[in-house]
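A.B. asks: What follows is a structure written as structure tokens; I'll ask about it next.
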Amino acid sequence: MIEYIQSALLIISAILIIISAIGLISLSGNTKNAVYGRIHIVGVFDIACIIAMIGLGQYLLAGIYFIIAPFTAHAIANAYWKKEDRENNSDLVTVEVEPDYDNPFIHPRDKFGSLESEDSEKLKADDRFSVATLEIDEGE
Amino acid sequence: MDILFIAKYVLVIALIIMMLAALRASAYKSTSMGLLGSSVVVVAFAMALLVGGDIYNLEFFKDISLALIFFGFVGTVAFAAVLGGEDK
């Protein structure tokens, strides 16, 4: 009976591995964020390997790999994002959001930036007031 | 020929297909894809070693596959840390 369960686990993992191999190859490089998609596909392969390890009776190895695999995927994705993706696709860093000027709790940067610029109406209005300074003569 | 023996061979064939796919994937233009492909090849080889050791009663196959998986992880994370560089 155990032999059949082991065989089923190994066959299931073999099917998952073949599916992930086909996905890894057939995902087009022109697709947006294709590298993250491929990392995701490798996640299927990782879980298939864990199932196969359980089927082979290597429980400790399966447990270790179950913990290790997400760290690997995250490290690769993080490195790709920090270096290649951010340098090659600089438009990803700037997010365009339409500001809601009517909301009293949101203070858009462009609105306050225009108030602080040199030719703003607010600063011109402030020119009406002069600041008097007291000059102290040290000789007295 | 029992079904477990056939299942092991099917798994080895699937792992070989995955290794070839990972080798192709590691040849894509991004450096991260090379890192990903090499990591997959190492894990697939460790798995094939587990199955092969189970079939042919090899010595130390568990230790070698454990070392491959663990040091493959360490190498991948180290290379990824170097590739990512400092935080800006």
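A.B. asks: For A:Ala77, which of the numbered conditions (1) within 9 Å of another protein chain (Cβ to nearest Cβ); (2) of a type in the set (A, V, I, L, M, F, W, C); (3) exposed (fewer than 15 other Cβ atoms within 10 Å of the Cβ); (4) over 28 Å from B:Ile6 (Cα atoms) fails to hold?
C.D. replies: Answer for A:Ala77: the failing condition is (3).
A.B. asks: Now for a separate question. Determine which member of the set B:Leu36, B:Leu83, B:Leu68, B:Leu50 is at pLDDT below 90, among the hydrophobic types (A, V, I, L, M, F, W, C) and buried (at least 17 other Cβ atoms within 10 Å of the Cβ).
C.D. replies: When all the criteria are applied, what remains is B:Leu83.
A.B. asks: Now a separate question. Identify all residues within segment A:35-60 that are within 7 Å of chain B (Cβ to nearest Cβ) and either outside any helix (DSSP H, G or I) or β-branched (Val, Ile, Thr) (or both); write none if there are none.
C.D. replies: A:Val35, A:Ile39, A:Val42, A:Leu56, A:Gln58, listed by residue number.
The values are calculated or read from the model by the stated rules, or taken from the named source; none is laboratory data. No experiment lies behind these values; they were computed from the predicted model shown. Methodologically, a virtual Cβ is constructed for each residue, glycine included, from the backbone with ideal geometry; neighbour enumeration extends over all protein chains shown.
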